[in-house]
Amino acid sequence: MTVEDLYHGISEIHPKYLEEADAYKVRKPAGWKKWAAAACICVCFGSAVPVLSAADNKIAYELLYMISPSAAQKLKPVRISCEDNGIKMEVAAANIEGHKAAILVSMQDVKGNRLDETADLFDSYSIHTPYDQRGGCFFAGYDEETATVTFLLEIEQMNEVLIPGDKITFSVGEILVGKKHSDLKLETIDLKELPVINNFKANPDISGYGGMDLDSLEEDKIRLMEPDKESAVVLEKGVALTGYGILDNELHVQVRYADILETDNHGRIYLKNENGEAVYDQYSVSFRDDDGRDNYQEYVFPIPADGLDSYEIWGEFWTCSSGPIKGNWQVTFPLTD
């Protein structure tokens with residue numbers, strides 16, 4: 001059986017079985033992914049009645065990519081532009097230098113004026129190449145006259161060198177606009193009159209950790225504040241102060257970032273010393289609200305209450321006033337000399 005036969009065979013499997021196979025390989029440990037994908041495909045072949053034939057079946061492609069990225073990319077049809085939800089995505093330019101490739105991709109609103117210089121792809125993008133790679137996508141510019149945003153893709157191959165003719169696939173699911181950056185002093189908190197924290201969140205759904213010194217974090221001893229939702233102080237739209245005080249002779253500050261899956265609201269709390277220098281938290285702990293929409297982040301500073309007199313407390317935030325523009329944009333293009 002050739003790679004083409006395998007791909008077209010997968011495309012003809014009932015979507016229900018493909019979805020089950022795709023979900024199965026995601027749940028397995030990383031080292032099992034290729035084996036699991038191949039095994040599930042074999043099971044699907046043995047139990048499914050062919051009902052679908054597609055030149056570019058998304059799930060079939062993803063499963064095949066798990067087994068052989070180079071084979072999957074060879075079969076991917078070339079399409080340097082696409083349009084969905086009134087927004088056109090197009091490959092503008094590409095350049096290869098050794099293990100690295102730089103690609104400019106533009107997105108133009110052809111039916112309105114929804115895009116601006118704050119446009120962000122909201123971590124909804126993916127990059128596929130024939131080989132193992134790492135890369136990212138960055139804002140490169142905005143043309144107000146044509147309502148066009150340009151993003152720069154930077155890709156670095158791990159073991160193989162991209163050559164002319166190799167195909168790259170770039171896909172996007174969401175575009176976030178209307179983002180705002182703010183940096184402000186938190187006048188609400190009086191560092192000379194801090195309460196002692198004695199009300200704690202029971203069984204918090206911890207979603208992550210961050211900060212300058214994670215080595216000092218003892219997970220089994222973590223105590224987080226119960227959010228004071230009724231007395232929460234709005235700092236920016238989508239950001240609220242839900243608690244602060246002293247715990248174990250350390251300063252704790254808790255902030256709620258609202259509806260993060262739709263807005264990507266996030267930020268950080270920091271101190272300024274008497275010289276105006278920033279002093280960041282030792283570590284922070286994040287946990288989700290009961291419904292999973294909002295994210296709380298508690299910042300911990302190892303400075304005792306009697307040592308905070310000479311500091312100011314500040315917050316830096318990135319917020320969005322509206323939800324993302326959703327669509328299904330994907331381009332596949334060959335690299336040239």
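Under the condition of being touching a residue at least 60 places away in the same chain (Cβ under 8 Å) and among the aliphatic types (A, V, I, L, M), which residue from the range 218-237 is farthest from ASN198 (Cα to Cα)? Result: LEU235. Residues in the range 145-191 that are assigned to a strand (DSSP E or B), aliphatic (A, V, I, L, M) and touching a residue at least 60 places away in the same chain (Cβ under 8 Å): 5 in all. Only a single item in (1) in contact (Cβ under 8 Å) with a residue 40 or more places away in the chain; (2) in a strand (DSSP E or B); (3) open to solvent by less than 50 Å² (accessible area, probe 1.4 Å) is not met by ALA240, and it is number (1).
Scanning the range 175-201 for residues that are open to solvent by less than 40 Å² (accessible area, probe 1.4 Å) and within 20 Å of THR150 (Cα to Cα) turns up ILE175, LEU176, VAL177, GLY178. For the range 47-105, what are the residues that are buried (at least 18 other Cβ atoms within 10 Å of the Cβ), farther than 19 Å from THR146 by Cα and at pLDDT 80 or above? Scanning the range 47-105 gives ALA94, ILE96, ALA101, ILE103.
Is it the case that some residue within the range 260-275 is of a type in the set (A, V, I, L, M, F, W, C), assigned to a loop (DSSP other than H, G, I, E, B) and open to solvent by 20 Å² or more (accessible area, probe 1.4 Å)? Taking every residue of the range 260-275 in turn, none turns out to be of a type in the set (A, V, I, L, M, F, W, C), assigned to a loop (DSSP other than H, G, I, E, B) and open to solvent by 20 Å² or more (accessible area, probe 1.4 Å).
Among the residues of the range 305-328, those identified as of a type in the set (Ser, Thr, Tyr) and either part of a strand (DSSP E or B) or surrounded by fewer than 17 Cβ atoms within 10 Å (Cβ to Cβ) (or both) are SER310, THR319, SER321, SER322.
The values are calculated or read from the model by the stated rules, or taken from the named source; none is laboratory data. These figures come from a predicted structure and were not determined experimentally. So basically every Cβ, Gly included, is an ideal-geometry build from the backbone, and we count neighbours across all protein chains shown. Calculation scope for accessible area: heavy atoms of the full protein, side chains included, ligands and nucleic acids excluded. Shrake-Rupley method; radii C 1.70, N 1.55, O 1.52, S 1.80 Å.
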